[in-house]
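I have placed the structure first, in the form of structure tokens, so that the comments after it can refer back to it.
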Amino acid sequence: MAKMTVIYKTPKDIASFEKHYFDVHIPLAKKLPGLIKYEISNGSVISLTGQSDVFLVANLYFESLEAMMESFKTDIGQQCAADRRILANDDMVQIYIYDVKNT
């Protein structure tokens, strides 16, 4: 299984960010081909290492890294990537993709 973790810093306008994220971005992302699961943090994100500017964490799951990459090549995938840039510029977000395994 593959996972994408998206970490958003606290936006300047929280209400505007949340409206766009919940009304536009999540519904669009849920249309990604091959998306198995989409989850987001609920409430405060607490850092044990002192990172105090984290506002929201999202995790998207796909069958494999290949499936994830193919998904983002589709029209919906391109729309998601473009919309993320509207929602949060590169200074406001960190995105990680990786394989996961159960231990």
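Here's the list of aspartates and glutamates a cross-link from K73 could span, going by alpha-carbon distance under 20 Å and ignoring same-chain residues fewer than 8 apart: E63, D83, D90, D99.
Taking N as the residue count of the range 1-54, its C-alpha radius of gyration divided by 2.2 N^0.38 Å amounts to 1.30.
Here the range 36-76 has an Rg and Dmax of 14.1, 38 Å, counting Cα atoms alone. The Cα atoms of the chain define a convex hull whose projected area, averaged across directions, is 7.0 nm². Entry note, the chain: the mean residue ellipticity at 222 nm calculated from DSSP H runs of n ≥ 4, each adding -39500 (n - 2.57), is -8500 deg cm²/dmol after division by the residues and rounding to the nearest 500.
Between E18 and I95, the contour length at 0.36 nm per residue exceeds the alpha carbon distance by 25.9 nm. The Cα-based radius of gyration and maximum Cα-Cα distance (Dmax) for the range 50-103 are 13.3, 38 Å. Per-peptide packing, taken as the mean over residues of other Cβ atoms within 10 Å, places 88-97, 46-55 in the sequence 88-97, 46-55 from highest down.
When each of the peptides 59-72, 4-17 is scored by how many other beta carbons lie within 10 Å of its residues on average, the order from highest to lowest is 59-72, 4-17.
Every number here is computed from the coordinates shown, using simple stated rules; none is lab data. It should be emphasised that the depicted structure is a prediction, and the values quoted were computed from it without experimental measurement. Don't worry about glycine lacking a Cβ; one is built from the backbone with ideal geometry, like all the others, and counts go over all protein chains shown.
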